[in-house]
Amino acid sequence: MPDSGDEELSFSTWWNISEKRMNRAKSLTRDLFMSLRQNRLEEQMNPDAGLDQVVREQKQKKERVYRRARRHQNVIDASYDCIEDLARASKKAVDSITQLTHERYKGTANIQICEVRQELRCGRPQPELFRDILDEALDAEKSTLLSQREVLLNMEEEGKELINQMAEKRALLTRNSGERRVNMLHDISSLNQKVAMPPKRPPDGSPTKSNRGDQDSGPREYKQISELKEESKQVLAETSELLERAWNHRKQTLETVRQFSTRRETCQSSGRG
């Protein structure tokens, strides 16, 4: 028969091992319940966590499409504002060329009158053929009118070049806006479910930028869009620079026409004297 001491030792060993296993099982059970509780809290904080994988992927795809559509729409809005300003600047440039042309025609007529007067004075009797103050005034008037005509011709050519450049830039912006709209429709059509197009303007009730009228208020300050690609940033920067040049040409035209008109009248008064 086995000794009683051996039986007590075997029972004590079995008890210790069982107790360790029970404690380990309790610890694993506690960790499991804590993990379940943490998952439940995370699901309450994030409602999307309870969605299945397919629905979650579909929603993520929809959000990506919306983000791209918003970026496209921001560029389209900025391009539309640029197109409106380019159209307005083109009209102003045409009007500037018209004023420059009229002023040049007036100067050309005065040059012809001045030349006729010089020819008539050359036909004076021999005792009167000497250079007097009137000859000097006519020469000065003719020289002034010729220099003015050269300046007006250069400004007309500059205005025509600006009109051509603004027409090309408008065509580029229009084409880019059309391509972006096509990309937006393609992205939205790639979704399985129907998605509404994002609004063109923020629904905050604020007026659009296009309500500026035809006043000469200078070039527009365009907002900076941080998510634009370098190519789009470059196009908008070039457009802003072109509008600045057109605005400066407009101011220079008005000032030049005013100054030349005043100077021409002054020269005519000196010639009549």
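Every read-out reported here was derived from the displayed coordinates using simple, explicitly stated rules and does not represent laboratory data. Keep in mind that this is a model prediction, so the values were computed, not measured. Here Cβ is always computed from backbone atoms with ideal geometry, including for glycine, and neighbour counts include all displayed protein chains.
Remarks
- Too-long pairs where the Cα-Cα distance tops 24 Å, listed order kept, from K61/K233; K169/K251; K62/K233: K61/K233; K62/K233
- Take the Kirkwood radius over Cα pairs of the stretch 45-178, plug it into Stokes-Einstein at 20 °C and 1.002 mPa s, and you get 102 µm²/s for translational diffusion.
- Distance between the 7 Å Cα→Cβ label points at T266 and S12: 12.5 nm.
- Compared with the alpha-carbon gap, the fully stretched path from R258 to A87 is longer by 59.0 nm at 0.36 nm per residue.
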